[in-house]
């Protein structure tokens, strides 16, 4: 996708990207000749399509992490899965993102197998001990 | 109004570097697979013919024969490889450089969406529900790309890729690899299977995949027909094995030697 300032016949340059958090994306482009700025606004479906390509508009500032899309976008659980207490969620959030999805699955499977309805830090400690998952 | 310049006529550098980002993804896959001696896609075009069953048992036979073997379960919506290989651990990232595959029976390494999803959970993606058909296929292709590029396979003699029914995942695989992989085809004896598998094989030939041969599965039971022989003649390839309902212990080893 490129933007052309028709009046100047100049390719517009990327300016900045904003992710307001509602699934949409805003990206600005500026004409290097006349300075006109336009904003490209994508709806959630269009934004999703871009992210599915594993690319970032505006360029990557850090290299992609392993399983970046899988961990970020795949819903590992389903209805009937154990709930996560807020404390447990905070603790899970401290796990590096590239491994978070897998760690979450380990705890979720542990809880489901034992009929535990809510995962708490205490449950996580017990699971770590029983499963030999020190460091998770 | 003067004609507006076309996309390809705009050649200024793109700060987003989308082309470079895509190239980096491909480079990551190529780098990861550089230690893989051989990639074989197991495909059918027809569901229920036992692709995953054949893939898993073939992988085990190859591993028992001393080859470093792994299976990538590309059936993201109906993954069964971990169950067949009794690989139950969750894959773990050893560092930010890669994800360790899970080891199953006979030392076969594997990766599968079944190892990411909780038991029984369907594959679902976060995102807008409306018109998800627009982006879901792209998400699945991205997952396949990450399975190929982010798993620390290590040195492998052979990587089997278990494809789902149809040809879409095969096409995605070709695009991600940048080349058409060798293909092993699985069918059952029936005419219905023959017709479905023919389409898949034709698609594979058109993309440039070498055909390694055909495995006829579920032979000797209620399924009647000569699908494997007909397809072998039509595509000038071999019938590598006919797998009965109750395979003998050496069935898989023999198939492994014919690949």
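The values are calculated or read from the model by the stated rules, or taken from the named source; none is laboratory data. Bear in mind that the values here come from a model prediction, so they are computed numbers and not experimental data. Neighbour counts are summed over all protein chains in view; Cβ atoms, including those assigned to glycine, are modelled from backbone coordinates with ideal geometry.
Can residue B:196 be described as assigned to a helix (DSSP H, G or I) and either free of Cβ contacts under 8 Å to residues at least 12 places away in the same chain or surrounded by 18 or more Cβ atoms within 10 Å (Cβ to Cβ) (or both)? For residue B:196, the condition - assigned to a helix (DSSP H, G or I) and either free of Cβ contacts under 8 Å to residues at least 12 places away in the same chain or surrounded by 18 or more Cβ atoms within 10 Å (Cβ to Cβ) (or both) - is met.
Within the range A:1-15, if we keep just the residues that are in a strand (DSSP E or B) and more than 8 Å from every other protein chain (Cβ to nearest Cβ), the residue that is nearest to residue A:28 (Cα to Cα) turns out to be A:15.
Scanning the range B:55-101 for residues that are away from chain A (no Cβ under 14 Å), surrounded by fewer than 24 Cβ atoms within 10 Å (Cβ to Cβ) and closer than 16 Å to residue B:148 by Cα yields a single hit, B:75.
Residue-wise test of (1) in a loop (DSSP other than H, G, I, E, B); (2) out of contact with any strand residue (DSSP E or B) (no Cβ under 8 Å at 6 or more places or on another chain); (3) under 30 Å from residue A:116 (Cα atoms).
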| site | (1), (2), (3) |
| --- | --- |
| A:32 | yes, no, no |
| A:51 | no, yes, no |
| A:58 | yes, no, no |
| A:61 | yes, yes, no |
| A:71 | no, yes, yes |
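Being assigned by TED's automatic domain parsing to the domain that holds residue A:116 and either surrounded by fewer than 16 Cβ atoms within 10 Å (Cβ to Cβ) or under 25 Å from residue B:122 (Cα atoms) (or both) is a description that applies to residue A:74.
Among the residues of the range B:3-39, those that are over 19 Å from residue A:14 (Cβ atoms) and either assigned to a helix (DSSP H, G or I) or within 8 Å of chain A (Cβ to nearest Cβ) (or both) comprise B:4, B:25, B:26, B:27, B:28, B:29, B:30, B:31, B:32, B:33, B:34, B:35.
Just checking, does the range B:122-141 include any residue being at the interface with chain A (Cβ under 10 Å from one of its Cβ atoms), surrounded by 18 or more Cβ atoms within 10 Å (Cβ to Cβ), touching a residue at least 24 places away in the same chain (Cβ under 8 Å) and not in a loop (DSSP other than H, G, I, E, B)? Yes; the residues of the range B:122-141 include at least one that is at the interface with chain A (Cβ under 10 Å from one of its Cβ atoms), surrounded by 18 or more Cβ atoms within 10 Å (Cβ to Cβ), touching a residue at least 24 places away in the same chain (Cβ under 8 Å) and not in a loop (DSSP other than H, G, I, E, B). So for the range B:146-155 (the condition being more than 14 Å from every other protein chain (Cβ to nearest Cβ) and either under 22 Å from residue B:36 (Cβ atoms) or without any contact (Cβ under 8 Å) to a residue 60 or more places away in the chain (or both)), does at least one residue qualify? Scanning the range B:146-155, I find at least one residue that is more than 14 Å from every other protein chain (Cβ to nearest Cβ) and either under 22 Å from residue B:36 (Cβ atoms) or without any contact (Cβ under 8 Å) to a residue 60 or more places away in the chain (or both), so the answer is yes. When each of A:66, A:82 is tested for being in contact with a strand residue (DSSP E or B) (Cβ under 7 Å, 6 or more places away or on another chain), crowded, with 20+ Cβ neighbours inside 10 Å and more than 8 Å from every other protein chain (Cβ to nearest Cβ), the lone residue that passes is A:82. If you go through the range A:16-44 and keep only what is buried (at least 18 other Cβ atoms within 10 Å of the Cβ) and facing another protein chain (nearest Cβ under 9 Å), you end up with just A:27. Of the residues in the range A:87-98, at least one is more than 9 Å from chain B (Cβ to nearest Cβ), surrounded by fewer than 15 Cβ atoms within 10 Å (Cβ to Cβ) and part of a loop (DSSP other than H, G, I, E, B). The condition of being more than 9 Å from chain B (Cβ to nearest Cβ), surrounded by 15 or more Cβ atoms within 10 Å (Cβ to Cβ) and at pLDDT 85 or above holds for residue A:127.
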